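Chemist: Would you mind keeping the following structure in view while I ask a few things?
The values are calculated or read from the model by the stated rules, or taken from the named source; none is laboratory data. Every value quoted in this text rests on a predicted model; they were computed, and no experiment measured them. Here the Cβ positions follow ideal geometry from the backbone for every residue, glycine too, while neighbour counts run over all protein chains shown. Accessible surface areas use protein heavy atoms only, side chains included; no ligands, DNA or RNA. Shrake-Rupley method; radii C 1.70, N 1.55, O 1.52, S 1.80 Å.
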Amino acid sequence: MRTLTLILTALLTSVTLRAQEHVSFPTQDGGVVFADVYGKGDRGVVLAHGGRFTKESWSSQARTLDQAGFLVVAIDFRGRGQSHGGTGLRAGDEGFRFDVLAAVRYLRSRDARTISVVGASFGGSAAAEASAESKPSEIDRIVLLGAYADEPEKLKGRKLFIVARDDANDDGPRLPKIQASYEKAPEPKELIILEGSAHAQFLFQTDQGDRLMREILRFLSAP
């Protein structure tokens, strides 16, 4: 009986976390982005995954945002799943910002009144590039999770930087670069330093995961 209960619970959980709609939309460089859609309403959120993840990795967070009244689009970046870029990019330009901008404009086409972007790790870098290149008021808020901006002074809208204190890679701790990026970014902005060493989306799997989700919800929901 216990085994059957566990199986049924797992099946119900998989149904609950499944995206309600699968969509695709074009990028400005001729590519195509595939995405999962959750929720409804006029407050849009783009979820941009990190380098080791895909759009499905956001299912739990997307459902939480859905329950809070957001219309959520979790994208696969070009080179992941079925998403792919165009052919007109100059050498050295990977074009990930175009995937984020395509999702933002897709949400506008669904009558989203405000749009936020939550980007993790390299997805955060892409989100920052998209914010810098976006039209005025196109992206209202941006969350950079374990990520920094190369040109922070060009970031638009409200900004939330989040990083674990001891998060590091082969080049050393990430916190100093993120703090420097935060300091150069224009107001309004926030910096939240969580405990531990988990990087970006991996924080959701730690004892900091609940607080991380609460901080994101608070930031996205604030008037």
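Chemist: Filter the strands (runs of 3 or more DSSP E) completely within the stretch 14-128 down to those with at least 3 residues that are at pLDDT 95 or above, hydrophobic (A, V, I, L, M, F, W, C) and more than 21 Å from F202 (Cα to Cα).
Modeler: 32-38
Chemist: Just a yes or no: is a residue in the stretch 143-156 under 18 Å from the mean Cα position of the chain (by Cα), open to solvent by less than 80 Å² (accessible area, probe 1.4 Å) and charged (D, E, K, R)?
Modeler: yes
Yes or no, residue by residue, for (1) in contact with a Ser or Thr (Cβ under 9 Å, 6 or more places away or on another chain); (2) assigned to a loop (DSSP other than H, G, I, E, B); (3) open to solvent by less than 30 Å² (accessible area, probe 1.4 Å); (4) over 29 Å from Y106 (Cβ atoms):
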position: A130; (1), (2), (3), (4): no, no, yes, no
position: F161; (1), (2), (3), (4): yes, no, yes, no
position: P176; (1), (2), (3), (4): no, no, no, yes
position: F204; (1), (2), (3), (4): yes, no, no, no
position: R211; (1), (2), (3), (4): no, no, no, yes
position: R218; (1), (2), (3), (4): no, no, no, no
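Chemist: Only residues that are in a loop (DSSP other than H, G, I, E, B) and touching a residue at least 12 places away in the same chain (Cβ under 8 Å): list them for the stretch 182-202, please.
Modeler: Once the filter is applied, which keeps residues that are in a loop (DSSP other than H, G, I, E, B) and touching a residue at least 12 places away in the same chain (Cβ under 8 Å), the stretch 182-202 yields A185, P186, P188, E195, G196, S197, A198, H199.
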